[in-house]
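Beneath this line is the structure, given in structure tokens, with notes to follow.
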């Protein structure tokens, strides 16, 4: 494994518009970009967490919705579902406790 954040860049992954989203988290800072491709249906995020990821690792989720699509957190994330608002963007941060990613706070609408 190469260098991990903070000694290298954060990893950015882009969500698709709808459906199941499966990602392997292999860095101590990962950004899930759900704005570049706006949600047009419900999204479910499932994570596989690499053994190199340390407790305290951060995950940042940013999601823009076309209407009231939901972002559902599945495997690897223990959090409430986010229900979108037409044309709005929500952000939420998570911290890895050594087993799963837990929310640092509630999702925030930023626009």
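Each Cα pair of segment 1-60 feeds into the Kirkwood radius, which the Stokes-Einstein equation turns, at 37 °C and 0.692 mPa s, into a diffusion coefficient of 269 µm²/s.
Restricting attention to the chain, close to 40% of DSSP beta bridges with both partner residues there are antiparallel. Can you tell me how much longer the chain between residue 13 and residue 40 gets when fully stretched, taken as 0.36 nm per residue apart minus their C-alpha distance, in nm with one decimal? That works out to 7.9 nm of additional length.
Bear in mind these aren't lab numbers, they're just calculated from the coordinates by the rules spelled out. These numbers were taken from a predicted model, which means no experiment stands behind them.
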